[in-house]
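Where a number appears in this text, it was derived from the coordinates with a stated rule and is not lab data. A quick note: this is a predicted structure, and the numbers were derived from the prediction, not measured. Reconstructed Cβ throughout: ideal geometry from the backbone, glycine too, with neighbour counts over all protein chains shown.
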Amino acid sequence: MRWDELFADLEAQLEAGIGAEERESDAEEERLRLGRRALRDRIAAMGESRRPLRIRLVDGEVLEIATRTIGRDWVAGDLAGGAQAVLPLHAVAALLPTPEQVTADREQAPGSLTDRLGLPFVLRDLARRRRPVQLRLRSGAVTGTIDRVGRDHLDLAVHPLDEPRRSSSVRRIEVLALAEVLLVRVD
């Protein structure tokens with residue numbers, strides 16, 4: 001009888017020890033996985049909730065964006081009111097998620113072409129289409145049409161949004177550093 005109790009006690013201790021090791025191993029794996037995640041990955045996961053994601057920009061403005069596409073260093077989606085926007089990741093100061101969005105977690109499938117496209121590529125497409133844009137900059141806002149896009153800057157023909165880009169409506173050309181652009185709004 002005593003032997004049975006001894007072996008049952010040893011078996012329970014062994015099972016508890018193995019369970020604790022497995023839980024610790026799982027927790028360590030989760031810490032490592034989360035440690036490899038970037039802000040871009042979190043935005044992608046939170047965007048899957050089908051609810052707009054609230055984001056605070058580095059200038060303090062809070063906006064809601066329903067994410068549609070996520071590139072290497074930008075997010076595109078729909079703003080409240082129906083406007084489309086491109087948001088450079090360097091403009092994000094904080095994510096303000098719902099409890100549902102906080103727990104959203106998924107690994108992004110590697111190798112998507114969009115994952116490798118940088119902000120200049122998206123801006124070149126807007127320039128090619130001659131779409132009037134409103135740029136929110138660290139120093140304010142400006143409207144016009146993007147003429148050219150370099151690796152780290154763009155040329156903007158400044159004109160009112162309600163007027164097409166014509167020589168007569170262009171007030172000036174501004175060469176803007178991409179690091180100054182916080183939001184590109186396309187109506």
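Cut-off is 10 Å between beta-carbons; in what order do VAL102, VAL122, VAL181 appear when sorted fewest neighbours first?
By the 10 Å Cβ count, ascending, the order reads VAL102, VAL122, VAL181.
If I stretch the segment between LEU96 and ASP9 completely, what's the gain in nm (0.36 nm per residue apart, minus their alpha carbon distance), one decimal?
26.4 nm
What list of ³J(HN,Hα) values in whole Hz, one per residue of region 156-169 in order, does the Karplus curve 6.51 cos²θ - 1.76 cosθ + 1.60 (θ = phi - 60°) give from phi, with Gly and Pro shown as x?
Using θ = phi - 60°, the values come out as 10, 7, 7, 7, x, 4, 7, 10, x, 6, 10, 3, 6, 9 Hz.
Note the full-extension length gain between ARG56 and GLN134 as 0.36 nm times their separation in residues minus their Cα-Cα distance, in nm to one decimal.
26.3 nm
Per-residue HN-Hα couplings for region 42-59, Karplus 6.51 cos²θ - 1.76 cosθ + 1.60 at θ = phi - 60°, whole Hz, x for Gly and Pro?
Calculated HN-Hα couplings, in order: 5, 4, 4, 5, 6, x, 6, 6, 6, 10, x, 9, 7, 10, 9, 7, 5, 8 Hz.
List ARG2, ARG116 from most exposed to least, where exposure is judged by having the fewest other Cβ atoms within 10 Å.
Least to most surrounded, the residues fall as ARG2, ARG116.
Viscosity 1.002 mPa s, temperature 20 °C: Stokes-Einstein D of the chain from its Kirkwood Cα radius, in µm² per second?
So the translational diffusion coefficient is about 111 µm²/s.
Which of the peptides 84-95, 165-176 is most tightly packed, and how do the rest follow, going by the mean number of other Cβ atoms within 10 Å of each residue?
84-95, 165-176
Read phi for every residue in region 125-136 and hand back ³J(HN,Hα) as whole Hz from Karplus 6.51 cos²θ - 1.76 cosθ + 1.60, θ = phi - 60°, with x for Gly and Pro.
My calculation for region 125-136 gives 5, 5, 5, 4, 7, 6, 7, x, 10, 10, 9, 8 Hz in order.
Quote the relative contact order of the chain in percent (integer), defining contacts as alpha-carbon pairs under 8 Å separated by 6+ residues.
17
If you put +1 on each Lys and Arg Cβ and -1 on each Asp and Glu Cβ, how big is the dipole of the chain around its Cα centre, in Debye rounded to 20?
2020
What's the FRET efficiency of ALA177 with SER49 using the Cβ-Cβ distance as r and R₀ = 41 Å, to the nearest 0.05?
0.80
Taking amide H positions as placed 1.01 Å from N in the peptide plane, with prolines and chain starts having none, which residues 5 or more places from GLY71, or on another chain, fall under 5 Å of its amide H?
So GLY71 has HN proximity to ALA76.
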